[in-house]
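Participant: I have a structure here, written as structure tokens, and I will follow up with some questions on it.
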Amino acid sequence: MKDSLKGRSLLTLKDYTKDEIRYILDTAHKLKADRKAGINNEIFKGKTLAMIFEKPSTRTRCAFETSFGEEGGHPVFLSLNDIQLGKKETVEDTARVLGRMFDAIEFRGFKQETVDTLAKYSGVPVFNGLTDLYHPTQILADLMTIEEQLGSLENKTMAYVGDGRNNMAHSLIIGCAKMGVNITVICPESLTPLQDVVDYSNQVAKESGSIITITDSMNSGLKGVDIIYTDVWVSMGEEEKSKERVDLLTPYQINNSALELTNNPNVIFMHCLPAVRGMEVTHEVLEGDRSVVWDEAENRKHSIKAVMSVLI
Ligand code: CP
Ligand code: NVA
């Protein structure tokens, strides 16, 4: 397993098998335990990581930067103000140059095509830290958190509620389908996930046994679920859609009534964060005893460390 993963990029979870994701999750749990025990293995000693950010970030940037640095590596943060990427210099040329100087590259930005091109031309592992289409490292932290909270992924059902066509929805559908977690996407019809993501995931689900459901009904969709997941109604880069989204998604807010619809007192609430309190989730739910969002945020660090330790 170890050898088949070395040198690969993480652009989308589509590229990874269930066993490979399992291996990354096991590594993440181990690295978290190591850190709690004060064990440091200097996994990245003598290595360098380029971190390119076209969009802002708290968790993803800090997870990559601290986990790489604390294990002896040297991360270099590059915002669009710092480098020529796709403007004065093509993405291909930047990729080639960074590939000569760094052991790996993290990219957060708009187009999936950009991160794919970086991987194609740099010759080093490239990690997708979020694009408009996918957010694969977030899903690894989410799966890790579910295992901590609920013991395992087996026979669990997640309801993802809200914007069904954003990066989180797409990556959660793929990740759940791969790992055998049932997923119900609850969203208005105009925000349903991309059909090719659903078709691909249904194909994968035949093997894992996961059931994928898309519905606009909070009543039927939330019944009996183990996990409620939501994300912002307006993703980075689509700020002009704010009013339209609030109108469309207000019935999909996660509040105490939504939790009650699950009929499951042990349901856990997850959110990739940042959260807009009073919009997609109420203050009460975010701060309530079903919320696991702070563990989930912490797990970004351990799971990203695992991804880099396995792939670089
Ligand atoms: N969840 C997440 O990706 O957070 P940031 O945007 O702060 O990185
Ligand atoms: N869908 C959100 C996720 C943030 C982590 C966004 O793209 O802004």
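The values are calculated or read from the model by the stated rules, or taken from the named source; none is laboratory data. None of these values were measured; they are calculated from a predicted model. Reconstructed Cβ throughout: ideal geometry from the backbone, glycine too, with neighbour counts over all protein chains shown. In case anyone asks, the SASA skips ligands and DNA or RNA and just uses the protein heavy atoms, side chains included. Shrake-Rupley method; radii C 1.70, N 1.55, O 1.52, S 1.80 Å.
Participant: Check the straight Cα-Cα distances from LYS223 and name the lysines below 22 Å, setting aside those fewer than 8 residues away within the same chain.
Facilitator: Cross-link targets: LYS156.
Participant: Using only Cα atoms, find the angle between the long axis of helix 293-311 and the longest principal axis of the chain, and express it within 0 to 90 degrees, rounded to the nearest 10.
Facilitator: Tilt relative to the chain: about 40 degrees.
Participant: A follow-up question, please. Taking 0.36 nm per intervening residue step and subtracting the Cα-Cα distance, what contour gain separates THR66 from GLU238 on full extension?
Facilitator: 59.0 nm
Participant: Sticking with this one: Give the accessible area for ARG35 in Å² (nearest 10); use a 1.4 Å probe, count only protein heavy atoms, and leave out ligands, DNA and RNA.
Facilitator: Number for this one is 110 Å².
Participant: Work out, step by step, the length gained on full extension between GLN84 and ASP196: first 0.36 nm times the residue separation, then minus their alpha carbon distance; give nm to one decimal.
Facilitator: So the chain would gain 37.0 nm between GLN84 and ASP196.
Participant: Using alpha carbons only, how many angstrom separate the centre of the range 3-76 from the centre of the range 253-312?
Facilitator: Cα centroid to Cα centroid, the span is 21 Å.
Participant: Turning to a different aspect of this structure: Toward the positive end of the charge dipole of the chain, about the Cα centre and with charges on Cβ (Lys, Arg +1; Asp, Glu -1), which of LEU150, TRP233, THR213 goes farthest?
Facilitator: Most positive-ward Cα: LEU150.
Participant: Tell me the per residue accessible area of the chain using a 1.4 Å probe; a whole number in Å² is fine.
Facilitator: I get 42 Å² per residue for the chain.
Participant: Let me ask something additional. Among DSSP beta bridges whose residues both lie in the chain, state the antiparallel percentage, nearest 5.
Facilitator: Working: 0 of 35 bridges.
Close to 0 percent.
Participant: With a cut-off of 8 Å between alpha carbons and a minimum separation of six or more residues, what is the relative contact order of the range 59-185 in percent?
Facilitator: Normalised by residue count, the contact order of the range 59-185 is 17 percent.
Participant: Sorting ASP103, ASP15, ASP142 by accessible area (1.4 Å probe), largest first, what list results? Intermediate values should be presented prior to the final figure.
Facilitator: On the way: ASP103 55, ASP15 80, ASP142 0 Å².
Per-residue accessible area, sorted high to low, gives ASP15, ASP103, ASP142.
Participant: Compute the angle between helix 112-122 and the longest alpha-carbon principal axis of the chain, please, reported from 0 to 90 degrees and rounded to the nearest 10.
Facilitator: On a 0 to 90 degree scale, this one is about 20.
Participant: Just tell me which lysines come within less than 22 Å, Cα to Cα, of LYS243; anything on the same chain fewer than 8 places away is out.
Facilitator: List returned: LYS55.
Participant: Enumerate the lysines that LYS305 could reach by cross-link, defined here as Cα to Cα under 17 Å, with residues fewer than 8 away along the same chain left out.
Facilitator: Within reach: LYS2, LYS6, LYS30, LYS32, LYS36, LYS45, LYS47.
Participant: Let me ask another. Could you give the distance between the Cα centres of the range 173-218 and the range 144-167, to the whole Å?
Facilitator: With the range 173-218 and the range 144-167 each reduced to a Cα centre, they are spaced 12 Å.
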